[in-house]
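Notes to accompany the following structure.
The values are calculated or read from the model by the stated rules, or taken from the named source; none is laboratory data. For clarity, every value in this text was computed on a predicted model and none was experimentally measured. Virtual Cβ from ideal backbone geometry, glycine too; neighbours counted across all protein chains shown.
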Amino acid sequence: MDLRELLRFTYSMFRPPKPQTVSEWADENRVLTSESASEPGPWRTDRAPYQREIMDAFTQPGVYEIVVMASAQVGKSEIELNMLGRAIDNDPGPMLYVQPTDKVAEDYSKRRIAPMFAACPTLRDKVFKAKGRDAANTITMKTFPGGSLAIIGANSPSDLASKPVRYIFLDEIDRFPASAGTEGDPIELAERRTETFRHNRKIVKTSTPTIKGASKIEKAYMKGTQEEWHTQCPHCHQYSYIHFNDIKFDKEKFKDENGETNYTVRNSRWQCPVCQRETPEYEAKRLPAKWVVKNERALQNGVRSFRLNAFMSPWSDWNDIALTFLQAKDDPELLKVFHNTMLGESWELRDRSGVPEKLHERREHYNAEIPSGVLVLTMGVDTQDNRLEYEVVGWSRDEESWGISRGIIPGRPDSPAVWEEIDNLLDREWQMKNGMKMRILATFVDSGGHFTQEVYKECARREGKRVWAVKGDGGEGKPYVRQMKSSARNAESAKLMIGVDSGKAAIMHATTVEVVGPRYMHFPMDYRCGYDMEYFRGLCSEKMVIRRVRGQSVASWEKTYERNEPLDCRNYARAAFRFFNWDFNKLERMLLGITEEAPITKAQAEKKKPRRVISSGIKV
């Protein structure tokens with residue numbers, strides 16, 4: 001061995017090892033458990049190749065922020081956990097993991113972080129094990145040589161503004177509150193904690209998007225490199241991002257056992273947007289693919305951003321995705337969720353100007369008080385200080401609706417006279433074309449305002465007629481109808497919370513449906529029913545807008561017309577329809593005059609009298 005070879009050998013023995021990337025660390029050390037993974041066992045980055053570049057950006061020199069705007073089913077949480085694990089093992093420092101709320105943070109620590117530490121020997125040996133009340137390791141605080149990990153909620157200002165950190169993981173940022181208490185934007189609060197580590201900090205942001213213009217993750221994505229995972233067409237060899245519009249599938253429409261419309265989907269395939277030739281799902285998922293940068297300048301600012309949808313995921317099923325779309329396409333809330341969680345796209349608000357005039361023009365003559373197609377009658381009641389406003393609505397099983405009657409009952413909500421008028425509506429028999437008669441089957445009454453206790457008491461007296469007190473609950477993502485917590489003070493009546501925002505979105509969507517069928521809205525021409533131009537202006541009196549709250553873009557409903565009671569009444573009537581599990585097949589048979597067979601008693605047999613049935617508000 002000459003001197004040159006000896007020097008080369010000596011240098012190779014003492015030079016520092018090449019820094020390990022996140023994907024290399026994960027392939028060597030990460031073990032997935034059955035608690036959190038559909039495929040437990042050793043981690044394999046090759047299972048989802050798009051994850052490699054995202055993970056390795058974490059150790060890329062000059063990159064301090066990584067943004068992932070993605071759908072569900074692409075493994076973005078596992079990507080974050082791999083970054084976290086590699087940092088603890090190879091380059092430790094103070095860390096912060098932020099979830100939308102404290103409750104979510106605690107649950108995430110138990111279900112995802114703790115099992116990862118337990119399954120990976122290299123992490124299990126480093127993270128201090130919990131010992132009774134030992135503060136070194138709790139559900140929300142993990143310590144290890146060279147650093148610590150705090151797992152907190154974005155709603156905790158004190159946790160967000162405490163000691164400096166080097167690593168920050170911000171998960172599902174579109175679900176973060178606009179402000180952490182009164183301290184301001186939780187993302188900005190967290191980022192300020194990295195100032196001490198400006199030369200080697202890492203900030204990771206992930207989320208499915210929400211509403212266009214208000215989505216935090218979309219805003220962060222646009223500031224980054226805007227990288228998309230493009231697949232190579234096997235026919236023209238061009239690379240393209242797989243959009244939902246390029247997915248073709250065969251479908252069959254049928255009625256299920258409840259008479260509701262459903263679908264079967266098969267043979268999903270990708271149509272190349274360049275050459276228009278098709279490739280089956282199985283082959284498309286195995287084609288060459290790569291990241292394509294759309295905003296290369298952002299790399300100078302140290303921000304890499306990535307976009308993914310469910311079509312790239314090895315764990316997704318394109319037939320299932322298409323079926324989810326078909327089941328959601330007529331429901332704006334479900335369609336929004338589909339865009340956010342399956343396509344990884346923000347939901348764009350639509351302009352509905354001119355809708356009141358269109359609805360007024362298309363009023364029609366009904367063939368009876370209750371037109372053909374109605375199976376259920378519900379009523380929504382809005383309370384004001386000097387009046388009650390109501391609307392009676394007929395519904396089909398597919399949520400096609402018919403306005404039946406709307407009106408105003410003058411008087412304070414604590415006046416017995418106004419409730420006598422409500423009783424008259426509840427007891428009224430509405431006639432159908434075939435002579436059958438129907439009654440209102442469920443009524444939701446607004447309990448907000450200055451007469452809450454009085455409304456509770458009056459609804460409690462009519463509980464046998466399915467009259468329920470409700471309270472509107474604004475905000476995105478709230479369940480449409482849920483039970484309120486009772487207290488001794490307001491225990492007189494069953495009470496419900498209504499997620500009014502989702503209801504308003506559904507109603508506004510229905511106003512734009514122009515084909516008679518599911519979710520189409522019918523209105524009577526008869527002036528006595530109360531559907532004048534003032535009603536339609538009130539029905540379309542709100543729209544969702546993007547406004548600034550404490551420096552953040554927030555989507556909220558705002559009035560475009562002062563009198564919005566018709567919208568509230570329709571919202572409550574719809575919630576009453578959606579809350580109960582109606583037996584539509586039974587109701588339909590009854591409306592056709594097919595009575596339910598009942599056992600004949602001995603006395604009835606002797607008298608030979610047919611049984612007269614009054615059931616579910618339908619008189620036979």
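Would you please name the residue that is modelled with the highest pLDDT, looking only at residues in the stretch 441-479 that are outside any helix (DSSP H, G or I) and of a type in the set (Asp, Glu)? The residue in question is ASP446. Scanning the stretch 428-457 for residues that are more than 16 Å from SER372 (Cα to Cα) and in contact with an Asp or Glu (Cβ under 7 Å, 6 or more places away or on another chain) yields ASP446, GLY449, HIS450, PHE451, GLU454, TYR456, LYS457. None of LYS609, LYS543 is at pLDDT below 90 and assigned to a loop (DSSP other than H, G, I, E, B) except LYS609. Cβ separations smaller than 7 Å between residues 6+ apart or across chains give the following pairs from the stretch 377-398 residues that are farther than 17 Å from GLU421 by Cα to residues that are of a type in the set (Asp, Glu) and surrounded by fewer than 24 Cβ atoms within 10 Å (Cβ to Cβ): ARG397/GLU260; ASP398/GLU260. Restrict the check to the stretch 465-473 and report whether at least one residue is more than 26 Å from TRP395 (Cα to Cα) and of a type outside the set (Asp, Glu). Scanning the stretch 465-473 turns up no residue that is more than 26 Å from TRP395 (Cα to Cα) and of a type outside the set (Asp, Glu). Have a look at VAL63, VAL68, VAL74 and point out the one that is within 26 Å of PRO288 (Cβ to Cβ), part of a loop (DSSP other than H, G, I, E, B) and modelled with pLDDT of 95 or more. None of the other options fit; the residue is VAL63. Every condition in (1) in contact (Cβ under 8 Å) with a residue 12 or more places away in the chain; (2) more than 30 Å from LEU587 (Cα to Cα) is met by THR264 except one, and the failing one is (2). Report, ordered by the first and then the second residue, all pairs with beta carbons closer than 7 Å, sequence separation of six or more or different chains, a first member in the stretch 465-485 that is free of Cβ contacts under 8 Å to residues at least 40 places away in the same chain, and a second member that is surrounded by fewer than 19 Cβ atoms within 10 Å (Cβ to Cβ) and part of a strand (DSSP E or B). If the second residue must be surrounded by fewer than 19 Cβ atoms within 10 Å (Cβ to Cβ) and part of a strand (DSSP E or B), the pairs left are LYS471/MET497; ASP473/MET497; ARG482/MET497; MET484/LYS471; MET484/MET497.
Here the stretch 562-606 is the region considered, the condition is being touching a strand residue (DSSP E or B) at 6+ places or on another chain (Cβ under 9 Å) and assigned to a loop (DSSP other than H, G, I, E, B), and the residue that is modelled with the lowest pLDDT is GLU596. Residue-level analysis places ARG266 outside the set of residues that are part of a strand (DSSP E or B), surrounded by 13 or more Cβ atoms within 10 Å (Cβ to Cβ) and of a type outside the set (A, V, I, L, M, F, W, C).
Can LYS202 be described as surrounded by 15 or more Cβ atoms within 10 Å (Cβ to Cβ), at pLDDT below 90 and either touching a Gly at 6+ places or on another chain (Cβ under 7 Å) or assigned by TED's automatic domain parsing to the domain that holds ALA70 (or both)? In short, no. If you go through the stretch 216-241 and keep only what is among the hydroxyl-bearing types (Ser, Thr, Tyr) and more than 18 Å from LYS290 (Cβ to Cβ), you end up with just TYR221.
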